[in-house]
Amino acid sequence: MSLSLHHPGADLFVPDRAPAEDALARTTHLAIGAHQDDLEFFAYHGIEACYRRDDRWFTGVTCTDGGGSSRVGPYGAFSDDEMRAIRADEQRKAATVGEYAAMIQLGYPSSAIKDPADARPVEDLLAILQATRPEVVYLHNPADKHDTHIAVLLRCIAALRRLPADQRPKQAWGCEIWRGLDWLLDEDKGVLPVSARPNLQAALNGIFDSQITGGKRYDLAVMGRRLANATFYESHASDTETGLSWAMDLTPLLQDESLDIATYTTGYVDRLKADIQQRIHKFL
């Protein structure tokens with residue numbers, strides 16, 4: 001592996017077998033998620049933007065090893081080691097179907113990602129960012145309700161802020177999974193169209209059999225959310241998209257290191273509160 005990563009279980013996979021250094025250098029869109037399948041669910045906008053393009057390439061990063069995954073049915077008796085292997089294999093298959101430039105799995109247990117004293121994840125992410133120099137990054141959003149997602153986001157922001165200002169991505173999106181972003185005011189929504197290639201969406205979502213057969217219909221839920229976002233976006237206009245994903249613009253957090261992440265995030269909540277109050281009072 002030309003990219004130096006700390007964890008012995010780290011995995012770098014290049015679907016088209018290009019040299020690793022070249023595969024990473026061609027990256028224009030980078031997504032960093034906590035778990036296997038997160039990228040396909042929250043960063044499809046970037047995957048589709050790069051699909052079968054020579055001038056755009058999507059690279060994915062999954063931070064945790066999948067060993068703590070829920071499992072029932074045919075996977076109910078599988079050990080943590082068996083689940084790690086299955087989930088890593090599913091993620092590599094998704095990278096092949098989506099024609100990613102590269103797929104990197106850091107291999108950490110969630111406990112390591114959540115530990116702010118463990119410098120390894122941030123150092124790995126910094127090395128990846130230096131090797132890829134993406135124009136756009138897709139991350140978890142800071143209002144997510146999954147602890148591991150929040151921990152991954154914080155490690156990502158820390159790594160991004162360690163880059164020289166002129167090497168940071170031009171755009172950073174915080175995307176929805178374990179809490180939708182429909183509550184954002186329309187003017188605060190990052191609108192990511194995800195209507196194109198529904199067959200590719202279905203193929204990517206359906207690869208993660210260990211989670212779907214194992215008890216969670218993520219494949220249906222993700223598509224339902226995208227359709228609901230598109231339908232309920234404009235109350236007085238016909239739909240122009242059959243799928244939308246909402247995102248929070250995190251670019252200001254990269255441009256201004258003095259911004260507190262919690263304060264920045266709750267600013268969106270404050271604006272929602274003010275909007276609710278104003279609409280109610282308008283008709284009293």
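Some values worked out for this structure:
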{"item": "Test: residue in region 217-228 that is at pLDDT 95 or above, surrounded by 13 or more Cβ atoms within 10 Å (Cβ to Cβ) and touching a Lys or Arg at 6+ places or on another chain (Cβ under 7 Å)", "result": "no"}
{"item": "Residue list for region 163-189, filter: closer than 18 Å to Asp275 by Cα, touching a residue at least 12 places away in the same chain (Cβ under 8 Å) and not in a loop (DSSP other than H, G, I, E, B)", "result": "Asp186, Asp188"}
{"item": "Verdict on Leu253 being in a helix (DSSP H, G or I), in contact with a Pro (Cβ under 9 Å, 6 or more places away or on another chain) and modelled with pLDDT of 95 or more", "result": "yes"}
{"item": "Number of the exception - Pro116 against (1) in contact with a Leu (Cβ under 9 Å, 6 or more places away or on another chain); (2) assigned to a loop (DSSP other than H, G, I, E, B); (3) under 16 Å from Thr59 (Cβ atoms)", "result": "(3)"}
{"item": "Residue selected from region 142-152 under the condition without any contact (Cβ under 8 Å) to a residue 60 or more places away in the chain and outside any loop (DSSP other than H, G, I, E, B), by the criterion surrounded by the fewest Cβ atoms within 10 Å (Cβ to Cβ)", "result": "Asp147"}
{"item": "Out of Asp54, Asp38, sole residue that is farther than 18 Å from Lys216 by Cβ and charged (D, E, K, R)", "result": "Asp54"}
{"item": "Scan of region 25-69 for residues that are touching a Gly at 6+ places or on another chain (Cβ under 6 Å) and either of a type in the set (Lys, Arg) or touching a residue at least 60 places away in the same chain (Cβ under 8 Å) (or both), ordered by number", "result": "His29, Ala31, Gln36, Leu39, Ile47"}
{"item": "Those residues of region 58-89 which are buried (at least 19 other Cβ atoms within 10 Å of the Cβ) and part of a helix (DSSP H, G or I), in sequence order", "result": "Met83, Arg84, Ile86, Arg87, Ala88"}
{"item": "Selection status of Gln211, in a helix (DSSP H, G or I) and over 16 Å from the mean Cα position of the chain (by Cα)", "result": "yes"}
{"item": "Residue count, region 166-224 (criterion: farther than 20 Å from Gly33 by Cβ, among the polar types (S, T, N, Q) and in contact with an Asp or Glu (Cβ under 6 Å, 6 or more places away or on another chain))", "result": "1"}
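The values are calculated or read from the model by the stated rules, or taken from the named source; none is laboratory data. Keep in mind that this is a model prediction, so the values were computed, not measured. A quick note on method: Cβ atoms are made from the backbone with ideal geometry, for glycine too, and the neighbour counts reach across all protein chains shown.
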